[in-house]
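Some notes on the structure that comes next.
The values are calculated or read from the model by the stated rules, or taken from the named source; none is laboratory data. Fair warning: this is a prediction, and the values are worked out from it, not measured in the lab. All Cβ positions, glycine included, derive from the backbone under ideal geometry; neighbour counts span all protein chains shown. The accessibility values were calculated without ligands, DNA or RNA, using every heavy atom of the protein model including side chains. Shrake-Rupley method; radii C 1.70, N 1.55, O 1.52, S 1.80 Å.
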Amino acid sequence: MSDRDLNAIARGIVENGKGVLAADESTGTIKKRFDSIGVENTQDNRRDYRELMFRTAGHGKHVGGVILYDETLRQKAADGTTLVDLIRSENVAPGIKVDMGAKPLAGAEGETVTEGLDGLRERFAEYRQLGADFAKWRAVIKITNDIPSAYCIDTNAHALARYAKLSQEAGIVPIVEPEVLMDGDHDLARCQQVTEDTLDAVFNELYAQRVELEGILLKPNMVISGQDAAHRADVQAVAAATVATLKRCVPSAVPGIVFLSGGQTEVEATAHLDAMNRMGPLPWALSFSYGRALQQSALKAWVGQPGNVAAAQAAYLHRARMNWLAARGEWEAAMEDAA
Ligand code: 13P
């Protein structure tokens with residue numbers, strides 16, 4: 001049992017259509033994003049970029065939580081305010097990515113297992129003191145003709161559940177993220193089968209390891225055609241397959257499901273979320289935890305120039321609002337053109 005009401009924290013993050021901003025890019029991953037706009041990957045630039053998002057007036061209406069990387073959780077804004085305090089000033093919950101990344105899985109060519117369990121109880125205690133309300137751990141499942149193996153799925157599911165229970169013990173809501181990658185030329189049906197196998201294994205482990213389902217958020221991929229598929233399933237097909245899979249695999253005790261965007265364009269990710277929410281009523285809040293699909297336009301508007309901060313904030317706020325509308329099933333494509 002935890003000393004905090006984890007269900008209340010989880011529900012607060014996704015209430016009324018709110019979702020999560022995934023701003024937890026590791027130093028290596030943010031370098032890729034900065035390279036795309038010609039910005040040097042320094043600590044100050046990382047700080048300035050994250051600070052501009054967290055200072056966006058009114059984003060707390062659409063975003064209930066922000067996932068941070070270790071560096072950012074400890075960082076101060078240019079004026080000395082901690083970034084955690086800035087985030088809270090908009091009524092947004094700070095979260096922390098705690099996994100150490102996907103590493104090659106022994107004996108399984110081309111597959112990975114996510115590491116980071118050693119010392120995690122002690123790290124959670126510190127993160128709680130630094131102000132984290134929730135955490136994230138991402139497992140990665142890759143599809144080819146020959147993989148994933150049951151070994152890879154089960155090993156990752158086991159680690160996700162170990163993480164989730166330690167998180168709850170520390171009074172921190174675990175976001176459980178098993179990501180089936182979009183890379184490859186597989187079709188929708190193959191993604192659906194692998195996603196179902198993965199979610200089945202994950203919920204079996206969560207149950208076996210005594211994780212309270214009322215106090216987690218699930219962060220899955222959508223059921224979607226591979227990036228290089230000859231025929232890409234349309235919005236309605238993606239939405240229908242995803243909702244069917246989640247209904248089969250995710251107990252209704254789970255308060256919220258927040259999708260990753262995984263390489264979808266900004267508008268695709270919004271359109272899919274909206275289509276799913278129009279298929280309700282659903283037993284859980286269905287919302288977003290997007291990284292790229294919330295930040296791409298903002299990064300391009302910013303390009304590292306202080307004079308562009310207002311434009312970057314407007315771009316970020318627009319995406320946050322569009323996805324908030326989508327989580328309520330109230331988004332229209334014409335709203336994109338109007339902006
Ligand atoms: P994307 O939405 O860019 O996939 O990132 C979300 C995330 O946090 C992946 O772990």
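Among the residues of segment 71-81, is any closer than 30 Å to Ile141 by Cβ, assigned to a loop (DSSP other than H, G, I, E, B), out of contact with any helix residue (DSSP H, G or I) (no Cβ under 6 Å at 6 or more places or on another chain) and without any contact (Cβ under 8 Å) to a residue 12 or more places away in the chain?
There is no residue in segment 71-81 that is closer than 30 Å to Ile141 by Cβ, assigned to a loop (DSSP other than H, G, I, E, B), out of contact with any helix residue (DSSP H, G or I) (no Cβ under 6 Å at 6 or more places or on another chain) and without any contact (Cβ under 8 Å) to a residue 12 or more places away in the chain.
Residue by residue through segment 98-130, note down the ones that are farther than 20 Å from Ile175 by Cβ and surrounded by 15 or more Cβ atoms within 10 Å (Cβ to Cβ).
Leu105, Ala108, Glu111
Could you check segment 277-316 and list, in sequence order, the residues that are open to solvent by less than 10 Å² (accessible area, probe 1.4 Å) and within 12 Å of the ligand (Cβ to nearest atom)?
Within segment 277-316, Phe288, Ser289, Tyr290, Ala293, Leu294, Gln295 qualify.
Assess whether Thr72 counts as being touching a Ser or Thr at 6+ places or on another chain (Cβ under 9 Å) and closer than 24 Å to Thr42 by Cα.
It is false that Thr72 is touching a Ser or Thr at 6+ places or on another chain (Cβ under 9 Å) and closer than 24 Å to Thr42 by Cα.
When you scan segment 221-235, do you find a residue that is at pLDDT 95 or above, more than 23 Å from Glu15 (Cβ to Cβ) and in a helix (DSSP H, G or I), even just one?
Looking for residues that are at pLDDT 95 or above, more than 23 Å from Glu15 (Cβ to Cβ) and in a helix (DSSP H, G or I), one finds at least one in segment 221-235, hence yes.
Could you count how many residues in segment 6-39 are free of Cβ contacts under 8 Å to residues at least 40 places away in the same chain and either within 18 Å of Trp137 (Cβ to Cβ) or open to solvent by 10 Å² or more (accessible area, probe 1.4 Å) (or both)?
Qualifying residue count for the region: 6.
Is it the case that some residue within segment 255-276 is in a loop (DSSP other than H, G, I, E, B), within 16 Å of the ligand (Cβ to nearest atom) and exposed (fewer than 15 other Cβ atoms within 10 Å of the Cβ)?
Checked against the condition, which is being in a loop (DSSP other than H, G, I, E, B), within 16 Å of the ligand (Cβ to nearest atom) and exposed (fewer than 15 other Cβ atoms within 10 Å of the Cβ), segment 255-276 yields at least one hit.
From the list Val235, Val211, Val243, which residue is more than 15 Å from the ligand (Cβ to nearest atom) and over 25 Å from Gly17 (Cβ atoms)?
Val211 is the lone residue from the list that is more than 15 Å from the ligand (Cβ to nearest atom) and over 25 Å from Gly17 (Cβ atoms).
Look through segment 317-339, keep the residues that are more than 16 Å from the ligand (Cβ to nearest atom) and of a type in the set (D, E, K, R), and return whichever of them is most open to solvent (accessible area, probe 1.4 Å).
The selected residue is Asp337.
Can you find even one residue in segment 36-43 that is away from the ligand (no atom under 16 Å from the Cβ), outside any loop (DSSP other than H, G, I, E, B) and touching a Pro at 6+ places or on another chain (Cβ under 7 Å)?
No; the residues of segment 36-43 include none that is away from the ligand (no atom under 16 Å from the Cβ), outside any loop (DSSP other than H, G, I, E, B) and touching a Pro at 6+ places or on another chain (Cβ under 7 Å).
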